[in-house]
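The values are calculated or read from the model by the stated rules, or taken from the named source; none is laboratory data. Source: prediction; values computed, not measured. Heads up, the Cβs are rebuilt from the backbone with ideal geometry, glycines too, and the neighbour counts pull from every protein chain shown.
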Amino acid sequence: MISIEDARSLIHSQLFTPKPAFVELENSQNYFLAEDINSDRDYPPFNRAAVDGYAVRFSDIDSGLKTFHIAAEIYSGEGFDQIVEPGRCIKIMTGAALPQGFDILFKVEHCEVLDDVVAIPEDEIKKGLNISQRGENVKKGEIIIQKGTRVDEKIVHSLAAAGIYSVPVFSLPRVHIISTGNEIVAVNKQPSDFQIRDSNYFGLAFQLAKFNIKPESHQLLGDDKQEIRDGISTAIGGDILILSGGVSMGDRDFVPEILTELGVEKVFHKVNIKPGKPFWFGRLYHKDLNKTTFVFALPGNPFSTLVTYKIFIEPWLYACFQNPGLKHYFMPIVHEKKLKDDRPEYFPVKLILSGQVSSVEALRFHGSGDITATAGSDGLAFFSGNKLELVKGDPVEFIPWN
């Protein structure tokens with residue numbers, strides 16, 4: 001049995017390498033950028049009016065002028081090539097380009113206007129006032145979004161502004177999911193008194209959807225060696241195979257044995273973690289295809305499945321897409337919590353926000369088989385072990401779901 005840190009290190013030492021592809025901007029949400037995005041021009045691309053107002057030359061003010069005749073009006077999106085005599089101003093609207101030489105802009109509401117004569121205020125005289133200077137946001141050729149960034153509502157404006165309609169992204173891996181166990185039936189089937197429905201597939205599929213990954217196949221297999229062998233054989237040709245169940249020490253936990261028989265190299269089996277101890281990771285190199293299938297075999301209890309995905313597979317996927325992943329935070333727990341043993345443990349928590357202080361509250365649940373363990377939670381808390389009780393105020397690591 002290895003530590004959580006060693007398990008992560010071994011998984012991250014062998015990454016799936018996605019190929020670059022292109023998707024249209026409107027279809028790019030949740031993809032990861034396969035290259036840096038550079039600005040195609042200065043932004044703003046011209047000296048831009050930041051307010052509605054009157055633009056003048058600072059040199060005219062410096063010479064003692066306090067009133068100006070309006071020579072022209074400029075609206076956003078318009079060019080301007082007229083010659084404006086000294087001592088005159090231009091009425092200009094927000095977003096419009098200032099003509100060369102006009103380097104101070106007074107707000108409409110700060111000026112007094114009579115007919116076509118504008119009296120400027122005397123208490124805010126500063127060159128560049130209310131003007132967004134060309135290139136002050138970003139210079140032409142400068143990196144505006146880094147490779148590996150997820151495309152979302154925070155960066156789509158920048159992509160569109162830079163003219164990136166065909167977005168360079170990482171292609172998605174081919175993923176297959178297998179649920180095992182005689183006790184598992186399909187969601188649309190009526191289980192017997194001794195069976196449960198297959199919730200793990202949907203939990204995993206929804207997690208993968210955050211990466212735009214849609215599983216190519218899903219199989220539900222009973223605890224039969226040949227059935228499991230045949231099922232894995234049909235799914236082992238993709239990029240990633242995720243199994244749940246059949247991975248522990250029971251008489252019918254055939255998955256590790258069958259994976260070995262099929263040539264999958266075991267990297268490790270069993271992690272010092274609660275829940276999720278039986279977690280198994282390995283790989284199969286296809287010499288004829290010059291590619292590797294990565295195999296993650298997760299314990300079958302729903303909360304164990306979700307925890308091992310969240311702690312091991314999700315960070316690995318972020319790394320494959322060259323993204324740092326979700327931030328984790330340390331914050332105090334608001335009450336005491338007794339632990340059954342000193343193993344490193346993950347448990348569902350609710351985030352408590354009070355003023356400028358954040359803390360977490362552990363939610364009650366009934367072990368890794370509890371199908372409602374994560375309902376109402378904001379994420380997981382991690383306690384590294386070494387004592388059997390957390391007291392109010394003890395720091396725990398908070399891992400948000402999103």
Exercise. Looking at Leu25, Leu33, Leu65, which one is within 16 Å of Arg150 (Cβ to Cβ) and either without any contact (Cβ under 8 Å) to a residue 40 or more places away in the chain or surrounded by 19 or more Cβ atoms within 10 Å (Cβ to Cβ) (or both)?
Worked result: Leu33
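Rundown of residues vs (1) assigned by TED's automatic domain parsing to the domain that holds Arg229; (2) among the small types (Gly, Ala, Ser); (3) at pLDDT below 95; (4) surrounded by fewer than 18 Cβ atoms within 10 Å (Cβ to Cβ), yes/no style:
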{"position": "Val255", "(1), (2), (3), (4)": "yes, no, no, no"}
{"position": "Gly276", "(1), (2), (3), (4)": "yes, yes, no, no"}
{"position": "Phe279", "(1), (2), (3), (4)": "yes, no, no, no"}
{"position": "Gly282", "(1), (2), (3), (4)": "yes, yes, no, no"}
{"position": "Lys287", "(1), (2), (3), (4)": "yes, no, yes, yes"}
Exercise. Does any residue of segment 340-353 turn out to be touching a helix residue (DSSP H, G or I) at 6+ places or on another chain (Cβ under 7 Å) and among the β-branched types (Val, Ile, Thr)?
Worked result: no
Seminar exercise, completed: Counting only strands (runs of 3 or more DSSP E) entirely within segment 76-132, those with at least 2 residues that are crowded, with 16+ Cβ neighbours inside 10 Å and among the basic types (Lys, Arg) are 88-92
Exercise. Within segment 290-310, is there a residue that is buried (at least 16 other Cβ atoms within 10 Å of the Cβ) and more than 25 Å from Phe206 (Cβ to Cβ)?
Worked result: yes
Exercise. Restricting attention to segment 182-192, does a residue exist that is assigned to a loop (DSSP other than H, G, I, E, B), within 30 Å of Asp36 (Cβ to Cβ), without any contact (Cβ under 8 Å) to a residue 24 or more places away in the chain and not polar (S, T, N, Q)?
Worked result: no
Exercise. Exactly one of (1) more than 22 Å from Phe268 (Cβ to Cβ); (2) in the same structural domain as Met249 (by TED's automatic domain parsing) is unmet by Ile313. Its number?
Worked result: (1)
For this session: Output the residues belonging to segment 365-380 that are in a loop (DSSP other than H, G, I, E, B) and at pLDDT 95 or above.
Result: Ser377, Asp378
Exercise. Hey, does segment 330-338 have a residue that's within 17 Å of Ile178 (Cβ to Cβ) and either touching a residue at least 40 places away in the same chain (Cβ under 8 Å) or within 26 Å of the chain's Cα centre (by Cα) (or both)?
Worked result: no
